[in-house]
Amino acid sequence: MDISQILLEEIVVSRHFTTQIFYLFMLGFTIFSVYLAKRYRLFRFSMLLWLSAALIGLAWEVVLFSSGLRHYSFLSAAELLYHAITEGGPGLIVMAIFADWIGFIDLSEYKEEVKPRE
C-alpha cells in the first residue's frame, strides 16, 4: 500500500451513545462558561465570541447534515442547533478567559464596569 492509497482511503467516524452523557456534559460546560464570563466581567465579549462560534458551527453542521455526512439520533433540527450552540462557543469563552488570567492576552478593555451600589 503506497502513501496515496493511505491518504485517500475513506474513513468513517461514528459515535454511538448508550446514554446522552455528551449532551449533558456540554450543557454543564455551557453553564460553566456563562458563569465564568459573568464572574470575570466579560459577559458581553463572551457572548460575541459565542455568537461567532455558533454561526460558524451552524454553517458547518448544516453543510454536513445536508450533504448526508452527519446523522442525528432523534429530532434532527434540535440536535443540529444544539451542536452548533454548545460545541464551539463555550470552549472559546473558557479559553479566552484562561488566556487573560495567565497573562497571555489582555482583555481588560472588554471588561464591564462594576456598578457602585447606591
Taking V114 and the conditions (1) within 20 Å of the chain's Cα centre (by Cα); (2) in contact (Cβ under 8 Å) with a residue 24 or more places away in the chain, which numbered condition does it fall short on, given that it satisfies the others? (1)
Among the residues of the stretch 44-80, write down those that are aliphatic (A, V, I, L, M) and crowded, with 16+ Cβ neighbours inside 10 Å. L49, A53, A54, L58, L80
For the subset of the stretch 87-118 comprising residues that are modelled with pLDDT of 90 or more and among the β-branched types (V, I, T), which member is surrounded by the most Cβ atoms within 10 Å (Cβ to Cβ)? I93
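Matching residues to (1) modelled with pLDDT under 90; (2) touching a helix residue (DSSP H, G or I) at 6+ places or on another chain (Cβ under 8 Å); (3) surrounded by fewer than 10 Cβ atoms within 10 Å (Cβ to Cβ):
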| residue | (1), (2), (3) |
| --- | --- |
| I6 | yes, no, yes |
| I11 | yes, no, yes |
| S14 | yes, no, yes |
| T19 | yes, no, yes |
| F29 | no, yes, no |
| Y35 | no, no, no |
| R39 | no, no, no |
| L42 | no, yes, no |
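Listed here are the residues, each with its yes/no results for (1) part of a loop (DSSP other than H, G, I, E, B); (2) under 15 Å from the mean Cα position of the chain (by Cα); (3) of a type in the set (G, A, S).
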| site | (1), (2), (3) |
| --- | --- |
| V34 | no, yes, no |
| K38 | no, no, no |
| V63 | no, no, no |
| R70 | yes, no, no |
| F74 | yes, no, no |
| H83 | no, yes, no |
| P90 | no, yes, no |
| I93 | no, yes, no |
| G103 | yes, no, yes |
Pairs needed: first member in the stretch 81-108, within 16 Å of M47 (Cα to Cα); second member anywhere, part of a loop (DSSP other than H, G, I, E, B) and not aliphatic (A, V, I, L, M); C-beta distance under 6 Å; at least 6 residues apart or different chains. I97/Y40
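The values are calculated or read from the model by the stated rules, or taken from the named source; none is laboratory data. Since this is a predicted model, take the numbers as computed values, not measurements. We place every Cβ from the backbone using ideal geometry, glycine too, and count neighbours over all the protein chains shown.
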